[in-house]
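K.L.:
Pasting a structure here, questions to come.
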């Protein structure tokens, strides 16, 4: 999405909650009624992230809108983080750390801060580490999606979520483009796992092929695992 910011207001309804007024205590996500989601998907060419963002700006927004929680970008589908991560890939330059500003203002207002984090969809990781990418039925490597047999989980996703929790003390993460971004993986490791698990030596690549539905379910199982 380059530098274009898509802005969505999302309403979440919890039974028994009948007030939109700001709470004195920060609510658990399950008890929230009204949240605001900022959908950035940062691009790598940003050189001055955080330049125009201030604590006062966020504080004004929170006091006027009074959301129970907000979700902001930390890593979108391009795989570029909008904060100075040490565990992944971030924009080229920072004027300030935007995430610290959001955390400071939300903590002051007792508003939950959740991360917009792209899961198996990571364009930067796929192009930097093509051996991590899912392989399509044609044999072509994906330029966007991660294979479940790659080091992506242990080298980027889990370390970043730990970083967000441990260093920034965020309240949680909303994983974007996850289950619907999963594709059938025909990498050598995926095919080997399919044969070992099912005992079926044929590898179905088209809807018309025998065991194609079973291969789809095999892929879904890998995602859930």
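The values are calculated or read from the model by the stated rules, or taken from the named source; none is laboratory data. Note that the structure is predicted; figures quoted are calculated from it, not measured. Please note: Cβ atoms are built from the backbone with ideal geometry, for glycine as well, and neighbour counts cover all protein chains shown.
K.L.:
Residue 134 passes all but one of (1) part of a loop (DSSP other than H, G, I, E, B); (2) modelled with pLDDT of 95 or more; (3) over 22 Å from residue 74 (Cβ atoms); (4) touching a strand residue (DSSP E or B) at 6+ places or on another chain (Cβ under 7 Å); which number fails?
P.N.:
So the condition that residue 134 fails would be (1).
K.L.:
Name the single residue, out of those in region 137-149 being assigned to a strand (DSSP E or B) and more than 14 Å from the chain's Cα centre (by Cα), that is surrounded by the most Cβ atoms within 10 Å (Cβ to Cβ).
P.N.:
Of everything passing the filter in region 137-149, 142 is surrounded by the most Cβ atoms within 10 Å (Cβ to Cβ).
K.L.:
Going by what's in this entry, would residue 165 be described as touching a strand residue (DSSP E or B) at 6+ places or on another chain (Cβ under 7 Å) and within 22 Å of residue 118 (Cβ to Cβ)?
P.N.:
no
K.L.:
Another one. Only helices (runs of 4 or more DSSP H) wholly contained in region 13-131 count here; list those with 2 or more residues that are buried (at least 16 other Cβ atoms within 10 Å of the Cβ) and either in contact with a strand residue (DSSP E or B) (Cβ under 8 Å, 6 or more places away or on another chain) or modelled with pLDDT under 95 (or both).
P.N.:
98-108, 123-128
K.L.:
Across region 150-174, what is the total count of residues that are assigned to a loop (DSSP other than H, G, I, E, B) and surrounded by fewer than 16 Cβ atoms within 10 Å (Cβ to Cβ)?
P.N.:
Looking only at that region, the number is 3.
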